Amino acid sequence: MFGRANKSTIDSLIGMSTSIEGNVHFKGGLRIDGQVKGNVIADPGQISMLVISEDAKVEGEVRVAHLVVNGEIIGPVFSSELLELQPKARITGDVYYKALEMHGGALVSGKLTHDQIGEPLLKLAAPKLAVSGT
């Protein structure tokens, strides 16, 4: 929590008066204050952060390591590290996360699924056969 080594900064901004139709691919940090009709996807395997501000709206799939939402997302959300849902967050779609921080007032209309990648799988032990020495 304190002094995170993977802390990301915001490198790019989609302004409040900007509307994008099409997919957005980015590295590092991105803040959206406007509207995006398309998928918003961070470069996989890299440190990434996406901020969806209070007046922003994304209609499409969102894939990022660290996601902070205070606006609206319509579509599935995949957060491989931390998902922060601020009080005015509104998500319509299934949400997949590793760690979740949800403030009062945030709304999710869809399934919340904890990402269990890296955790041990449950395996059934095979019964041992008895060998008789006759």
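Every test in (1) among the hydroxyl-bearing types (Ser, Thr, Tyr); (2) closer than 25 Å to residue 106 by Cβ; (3) modelled with pLDDT of 95 or more is passed by residue 17 save one, and that test is (2). Considering each residue of the range 76-95, count those that are within 11 Å of the chain's Cα centre (by Cα), under 20 Å from residue 10 (Cβ atoms) and either in a loop (DSSP other than H, G, I, E, B) or in contact (Cβ under 8 Å) with a residue 60 or more places away in the chain (or both), and give that number. Residues flagged as within 11 Å of the chain's Cα centre (by Cα), under 20 Å from residue 10 (Cβ atoms) and either in a loop (DSSP other than H, G, I, E, B) or in contact (Cβ under 8 Å) with a residue 60 or more places away in the chain (or both) within the range 76-95 amount to 1. Picking from residues in the range 47-75 that are in a loop (DSSP other than H, G, I, E, B) and aliphatic (A, V, I, L, M), the one that is surrounded by the most Cβ atoms within 10 Å (Cβ to Cβ) is 56.
Exactly one residue out of 75, 34 is out of contact with any Asp or Glu (no Cβ under 7 Å at 6 or more places or on another chain) and small (Gly, Ala, Ser), and it is 34.
The values are calculated or read from the model by the stated rules, or taken from the named source; none is laboratory data. Here the structure is a predicted model, which is why all the values come from computation and not from measurement. Counting neighbours? That spans all protein chains shown, and the Cβs are built from the backbone with ideal geometry, glycine included.
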